[in-house]
C-alpha cells in the first residue's frame with residue numbers, strides 16, 4: 001500500500017516528462033524504480049548469505065557435513081581370511097579444536113579400526129594397509145566398503161560422503177561438501193563487514209583505509225580529467241574538420257579496442273613505475289572513449305538546427321557555441337560515465353605496478369594470501385565509490401543539460 005501511494009505521488013509530479021503523451025521508446029522518460037533497486041540489493045545479499053551460511057538470512061542452501069560418521073571396510077589377508085574394521089570420522093569446521101573419535105576396544109581380527117579428524121570441505125587418507133595386522137604383505141587387499149565391492153581407482157558412496165581407493169590401496173575420504181562456499185573462497189557478509197571495521201580502525205599494510213581509497217580516487221580523477229581535456233576537443237575537431245578526421249581517425253579506431261592492460265609493459269618501459277605511469281595508463285583508458293563520445297555528439301546534432309542558425313546570420317563560432325556544444329553534451333556525459341567506469345576498472349591493474357597505496361594494491365596484495373574477505377571488501381568499496389561518482393555525474397548532467405530528451 002505504501003509503495004502504491006509513493007508511486008502515485010511520484011507520477012503526479014509536474015515535470016517535463018509528466019507532460020509527454022508518448023513515452024514508450026523515449027529513453028528520457030525511463031527512470032529507475034527505487035523499490036525494484038532495493039529489492040535487487042536485498043536479493044543479492046540474500047543469495048550471498050544463503051551460499052555462505054550467513055546469520056543475516058534464515059534460508060541457506062545445504063552446507064558441508066559436520067559431525068561424526070563412519071563406514072566399514074572388508075579386507076582379505078595373505079592367508080585368505082576376511083575381516084571387517086570400521087573407520088570413525090569426526091568432521092569439524094576448520095579452525096575448531098576437536099578430539100579424535102573413539103574406536104571400539106574389543107577387536108580380535110587382523111583388521112583394526114581407525115579414527116580420523118577431517119576439516120569440512122577437506123579430504124583425508126586412511127591407510128588400512130599400514131593400520132591392519134599383515135597389511136603390508138603383497139596379498140593383502142581391500143575388497144568392499146559397507147558391503148559394496150571396491151577396487152583401485154573405484155569410488156563408493158557411504159552415508160555422508162565418498163570413498164575412493166588409490167592405486168596403493170589407501171582410502172581417500174571426502175565428506176559431503178554441500179552447496180555452500182568455503183569461507184576461504186567466499187566469506188559471509190558479516191565477515192566482510194567485520195574486516196571493514198578492522199581495516200577502518202587499524203589500516204592495511206600500515207596505511208589507513210581512507211588513504212588507500214584516496215590514492216585510488218586521486219589517480220582515477222587525474223587520468224579521467226586529463227583524458228577529457230584532450231579527448232573532448234579532439235573529438236570536436238574530428239567531427240568538424242575533414243583534415244582532423246582523416247589524420248586522427250585511424251589512430252583513434254586503432255587504439256580504441258586495445259585494452260589498457262595490454263599497455264602496462266610499455267608504460268613501465270617508457271614512464272617507469274612511479275605515479276606518472278599509473279596516471280598515464282588511466283589517461284589512455286579515458287582518452288579514446290571521450291574522443292569518440294565528443295565526435296558522436298557532433299555527428300548527432302540535427303542539421304536542421306545548424307541551418308536555422310545560419311539563416312539567422314550566426315557565425316561558425318556562434319554555431320559551435322550555441323548549437324553544436326549544447327546538443328553534443330548528452331553524448332559527452334554518457335561517454336564520461338563510461339570512461340569513469342573503465343578508469344575504475346583499470347585502477348586495479350594500474351596499481352599492480354609497484355604501488356604501496358591504493359584500493360587496487362590492497363586487493364592484489366590480499367589475493368596473494370587468499371584473504372578473500374579483503375578482496376571482496378575492496379571490490380565493494382570500489383563499486384560504491386564508482387556508483388557514487390556516476391550518481392554525481394547524472395545530477396550534473398540534469399543540471400547542465402536540462403534540455404536532454406526535449407528534441
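Being within 16 Å of residue 219 (Cα to Cα), assigned to a helix (DSSP H, G or I), assigned by TED's automatic domain parsing to the domain that holds residue 195 and free of Cβ contacts under 8 Å to residues at least 60 places away in the same chain is a condition met by no residue of the stretch 309-323. Going by the conditions given, is residue 87 assigned to a loop (DSSP other than H, G, I, E, B), surrounded by 12 or more Cβ atoms within 10 Å (Cβ to Cβ), touching a strand residue (DSSP E or B) at 6+ places or on another chain (Cβ under 7 Å) and in contact (Cβ under 8 Å) with a residue 12 or more places away in the chain? So residue 87 fails the test.
Picking from 336, 355, which residue would you name as being outside any helix (DSSP H, G or I), crowded, with 16+ Cβ neighbours inside 10 Å, assigned by TED's automatic domain parsing to the domain that holds residue 223 and in contact (Cβ under 8 Å) with a residue 12 or more places away in the chain? The conditions single out 355.
The residue that is nearest to residue 295 (Cα to Cα), among those in the stretch 229-273 that are touching a residue at least 24 places away in the same chain (Cβ under 8 Å) and under 27 Å from the mean Cα position of the chain (by Cα), is 256. When the stretch 144-158 is filtered for residues that are under 16 Å from residue 113 (Cα atoms) and part of a strand (DSSP E or B), the ones remaining, listed by number, are 144, 145. With respect to (1) in contact (Cβ under 8 Å) with a residue 24 or more places away in the chain; (2) within 20 Å of residue 387 (Cα to Cα), the lone exception for residue 299 is condition (2). The one condition from (1) part of a loop (DSSP other than H, G, I, E, B); (2) modelled with pLDDT of 90 or more; (3) closer than 30 Å to residue 335 by Cα that residue 180 does not meet is (3). Any residue that is in a loop (DSSP other than H, G, I, E, B) and surrounded by 17 or more Cβ atoms within 10 Å (Cβ to Cβ) - is there at least one of those in the stretch 188-210? Checked against the condition, which is being in a loop (DSSP other than H, G, I, E, B) and surrounded by 17 or more Cβ atoms within 10 Å (Cβ to Cβ), the stretch 188-210 yields at least one hit.
The values are calculated or read from the model by the stated rules, or taken from the named source; none is laboratory data. Predicted model only: the values in this text are computed from it and were never measured. Note: ideal-geometry Cβ built from the backbone for every residue, glycine included; neighbour counts use all protein chains shown.
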